[in-house]
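Encoded as structure tokens, here's the structure I'll be asking about.
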Amino acid sequence: MLKNSKKFMPTYILIAANIIIYAYTSILSGNIFKTSDNVIFAYGQDNFAVLNGEVWRLFTATFIHANIVHIFGNMFFLLIFGLRAEDMFDVKEYFLIYFLSGLAGGFLTLLFLPDSLSVGASGAIFGVLGATVIYIRRAIGQSIISALMYAFFLLAINIGPEVNVAAHLGGLIVGLLIGYLLAATRKTKATYTYRYNYSSST
């Protein structure tokens, strides 16, 4: 598992993909610092368009970023949490967590913020975070309460103006669920046999 993940380095693949796409959208926008409204409307999660059949936007929106600060912040946290996740999940599991979490964030946005237009990989990254922290606690047989508190604390401190909390929450919940299930299915119960040596003196 670890060897497979480290060989392909999915974190660097995703970071490279996001940067390449940001470079492309910068060319289309004519501005490296800010993505134009036209590009965001063309590829972002426009919920009105999604509800009218353009469901592919739930995927493309996770690779579009509003500006250079947005992508820098997301890629920084993806690097931190992603490299840690590579120690626990193989490549297929890693990508499953990432993309399902991103889609979950999109679906929750669609449900609770139907009039919004959103972009960014935050939902997917929160999924990686959630899967990692809960996997560690569950795999070693310790309480998951501290992992949940930590995950939701990070969610809370990221609340702010123009932040899509629904996407963060949707991604986090799915990541927590997948991480918990993977840890539960892999956990092996060790059986110990104790032997006692008795000695007597005469």
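The values are calculated or read from the model by the stated rules, or taken from the named source; none is laboratory data. The model shown is predicted, which means the values in this text are computed figures rather than measured ones. Quick reminder, even Gly has a Cβ in these numbers, built from the backbone with ideal geometry, and neighbours come from all protein chains shown.
Of the conditions (1) of a type in the set (A, V, I, L, M, F, W, C); (2) touching a residue at least 12 places away in the same chain (Cβ under 8 Å); (3) assigned to a loop (DSSP other than H, G, I, E, B); (4) over 17 Å from L14 (Cα atoms), V55 satisfies every one except a single condition; which number is it?
The single condition V55 does not satisfy is (2).
For region 89-100, does any single residue satisfy the condition of being touching a residue at least 40 places away in the same chain (Cβ under 8 Å), of a type in the set (K, R), part of a helix (DSSP H, G or I) and over 20 Å from A166 (Cα atoms)?
Within region 89-100, not a single residue is touching a residue at least 40 places away in the same chain (Cβ under 8 Å), of a type in the set (K, R), part of a helix (DSSP H, G or I) and over 20 Å from A166 (Cα atoms).
Determine which member of the set F126, F112, F95 is surrounded by fewer than 17 Cβ atoms within 10 Å (Cβ to Cβ) and under 10 Å from the mean Cα position of the chain (by Cα). Walk me through it before giving the result.
Details: F126 fails: surrounded by fewer than 17 Cβ atoms within 10 Å (Cβ to Cβ); F112 fails: under 10 Å from the mean Cα position of the chain (by Cα).
Testing whether each residue is surrounded by fewer than 17 Cβ atoms within 10 Å (Cβ to Cβ) and under 10 Å from the mean Cα position of the chain (by Cα) leaves just F95.
Select from region 61-88 the residues that are among the charged types (D, E, K, R) and in a loop (DSSP other than H, G, I, E, B) and write down the one among them that is surrounded by the fewest Cβ atoms within 10 Å (Cβ to Cβ).
Selected residue: D87.
If I ask for residues that are part of a helix (DSSP H, G or I), over 17 Å from L108 (Cβ atoms) and not β-branched (V, I, T), which ones from region 132-153 would you list?
Selection gives Y135, R137, R138, A139, S146, A147, L148, M149, Y150, F153.
Let me ask something else about it. Given the criterion at pLDDT below 95 and more than 20 Å from I97 (Cβ to Cβ), identify the matching residue among N52, N31.
Residue meeting the stated conditions: N52.
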